[in-house]
Amino acid sequence: MAKSDRKSAEQQTMDEETKQFFEKELERWEAVTQPLVDAIHDSERLSDKDYSIRINTRG
Amino acid sequence: MLIPGPDAVLPRQQLEFRAFAKGRLADLLKLVAPPLTQHALLQFGFIEDHVAALGCQSIAIERHYIDKDYIEDHAIFYSKSLYPYPNYCQRVHFFKITPDTLEETITHLVHEGRKQPPQQHAEICARFSDKSYLGFSVIKPLAGCPVGRTVLRPPVEVNEGGVQSLYSCTRFSKTHFAGIELTVNGLVFQQQDTGVSACATTAIWSALYKIRDLEEVSAATPAQITLVAARHAMPFGRPLPSEGLSTDQMCLAIHALGVSPNLFRVDDFATARAYLYSATKSGIPSVLILGRRQQDQYHAVTIAGMEIRTPHVEAAVAPGMDDEAGDLKALYVHDDRLGPYLSAEVSGEGRVLTVSIAKESVLKVASTPWTLTHILIPMHGKIRLSFSSMREITVRYLLPMLHIAIQKLQLSSAKPAITFHNRIVRPQEYIRELLDRFDVRLQCIDALRTTVPFSRYVGIARMGAPFLESVDVLFDTTSTMRNIICLGVLPVGTSSNNWALAELLAKALGTRLLAA
């Protein structure tokens, strides 16, 4: 807590060892997250077909 | 030049105060379904049912009301008909007060203005509205589609029996009746007339009504929306009578009115569900493009709120990633073929998300569930990190980093399920929410409000688990995916583990720990 107070609202930095640990572990996570990221990119990949749907249901 | 006397030319306003009785409102408003039309009073019936369920006891009718939307429809379209459609409407107000005291109460409220300064008088009127006013419906002089601009309170929010309803896409608006100011919280609705507007126009119109609560966007009438949509493209014929809009035209109309259209294709159930959940939780109304592809039929409705499962049920989208959006059970939609605040159950798996609109069977058309094909979210143009970007940042970077931080700090031996969701809100709204939470220390809120230079909207990724409470990571929504600006990490919890985790995450992201 005291450490948090001391470094409050300042840009936080990591030591080199921890930084490398994070980078290495993040690489391992890529296989897990890739399908989710692909699904997001698919939702954003719009073609002419997406823009040409006619919406006119009557009721 | 002679100025004619008021009785000779000017219509005389007639105010009528009546008891509300379900099934008799059409008679009171002199509505008769014309021949050769189907479902002319269907939407009217839904409105009657809705106010009855809210406890309506009395109504007040203005027989001569100039409605800003209808007068535009009239000028552009109906005035050019052979039949002399009047340019005025009726307006009916709904109250939860006994009919014998309604007129007296309204008169008393007006007279209070003599005794009270304006601000206090307005407060008295607001208290009356809060207690007794349910909203209003404009009744157009179009026998085949009478329901015009209608703003009604949503159903009472519930949090019992394993579900919680949330009407987050509504807003407060003021209206004036017989000398008093009335306030109602709702999302605007109207019946489609297929003259100046069909479902696509009406859905945009409802969504922009809520957006005006967040931004100073000019109020466009349905007729104006249809015309701006057809200004640069007319792929399916003439704009008036409205023959529907294309997705392209819907985007063009939203853009022309000063808002940015965010269109997403639905190719994955979990991703689409997450966008719907995030947008609705953020109070931003999405327009749903629904399809019955085999029949080449597409429809548009607007989200007013959602029903979520409670307590939370884990919905794993990947190992260690529990999407809070899995709690989404149903949406509340405005469907201009039916009525306002209709429950629409959400289900699906794999690539498909289906939406089943309650009570659609009354139309006696195919009542198979709709497939959600696209989500159109109107948002402020400065929001570059939209819901898709926020989700990508969260699943690609933040959740793995949080897991790595948990591992580094040895807070859990196994890979725990981290529950997450995203929102995009105005900073003031976020601070207000934090003030209501007693697990957020005031020193964190002070650090947030005094050290963070806010963007107009802040993107929030909240991640948590029972053993670590929650952590919020804040983003500048004016940044882009290539240049993501993280504004800080805020501990939403009080334990030392929570704070240590927030601090390590802030370090990993090279940003501020908001904990001064």
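The values are calculated or read from the model by the stated rules, or taken from the named source; none is laboratory data. All figures in this text were calculated on a predicted structure; none of them were measured in a lab. When we count neighbours, we look across all protein chains shown, and the Cβ atoms used for this are built from the backbone with ideal geometry, even at glycine.
Scanning the range B:337-370 for residues that are within 12 Å of another protein chain (Cβ to nearest Cβ) and crowded, with 19+ Cβ neighbours inside 10 Å yields B:Arg337, B:Leu338, B:Gly339, B:Leu353, B:Ile357, B:Glu360, B:Trp370. Is it fair to say B:Ser58 is surrounded by 10 or more Cβ atoms within 10 Å (Cβ to Cβ), hydroxyl-bearing (Ser, Thr, Tyr) and touching a Ser or Thr at 6+ places or on another chain (Cβ under 8 Å)? So B:Ser58 passes the test.
Only one entry of B:Leu252, B:Leu240 meets the criterion of being assigned to a helix (DSSP H, G or I), within 14 Å of another protein chain (Cβ to nearest Cβ) and not charged (D, E, K, R), and that entry is B:Leu252. Quick check, is B:Val301 buried (at least 24 other Cβ atoms within 10 Å of the Cβ), of a type outside the set (S, T, N, Q), within 12 Å of another protein chain (Cβ to nearest Cβ) and closer than 22 Å to B:Phe387 by Cβ? Yes; evaluated as a whole, the condition is true for this residue. Within the option set B:Gly135, B:Gly144, being surrounded by fewer than 21 Cβ atoms within 10 Å (Cβ to Cβ) and either in a loop (DSSP other than H, G, I, E, B) or in contact with a strand residue (DSSP E or B) (Cβ under 8 Å, 6 or more places away or on another chain) (or both) holds for one residue only, B:Gly144. So, in the range B:371-386, of the ones that are of a type in the set (A, V, I, L, M) and part of a strand (DSSP E or B), which residue ends up surrounded by the most Cβ atoms within 10 Å (Cβ to Cβ)? This residue is B:Ile377. Selection of the range B:286-310 for residues being assigned to a loop (DSSP other than H, G, I, E, B) and without any contact (Cβ under 8 Å) to a residue 60 or more places away in the chain yields only B:Asp296.
The residue that is farthest from the other protein chains (Cβ to nearest Cβ), counting only those in the range B:435-486 that are in a helix (DSSP H, G or I) and crowded, with 17+ Cβ neighbours inside 10 Å, is B:Ile445. Per the listing A:Ser52, A:Ser43, A:Ser47, the residue uniquely surrounded by fewer than 16 Cβ atoms within 10 Å (Cβ to Cβ), of a type outside the set (Val, Ile, Thr) and facing another protein chain (nearest Cβ under 8 Å) is A:Ser52. If only residues of the range B:202-232 that are under 18 Å from B:Gln43 (Cα atoms) and modelled with pLDDT of 95 or more are counted, the one that is farthest from the chain's Cα centre (by Cα) is B:Thr202. Would you be able to say whether some residue in the range B:422-429 is crowded, with 19+ Cβ neighbours inside 10 Å, charged (D, E, K, R) and at pLDDT 95 or above? Checking the range B:422-429: at least one residue is crowded, with 19+ Cβ neighbours inside 10 Å, charged (D, E, K, R) and at pLDDT 95 or above.
To keep it simple, each residue is scored yes or no on (1) touching a residue at least 24 places away in the same chain (Cβ under 8 Å); (2) crowded, with 24+ Cβ neighbours inside 10 Å; (3) of a type in the set (Lys, Arg); (4) closer than 18 Å to B:Asn262 by Cα.
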site: B:Gln191; (1), (2), (3), (4): yes, yes, no, no
site: B:Thr221; (1), (2), (3), (4): yes, no, no, no
site: B:Gln224; (1), (2), (3), (4): yes, no, no, no
site: B:Pro235; (1), (2), (3), (4): no, no, no, no
site: B:Ser242; (1), (2), (3), (4): yes, yes, no, no
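When restricted to residues that are modelled with pLDDT of 90 or more and assigned to a loop (DSSP other than H, G, I, E, B), chain A contains 5.
If you go through the range B:475-506 and keep only what is in contact (Cβ under 8 Å) with a residue 24 or more places away in the chain and among the basic types (Lys, Arg), you end up with nothing. On the stretch given as the range B:304-325, residues that are within 14 Å of chain A (Cβ to nearest Cβ) and of a type outside the set (A, V, I, L, M) total 4.
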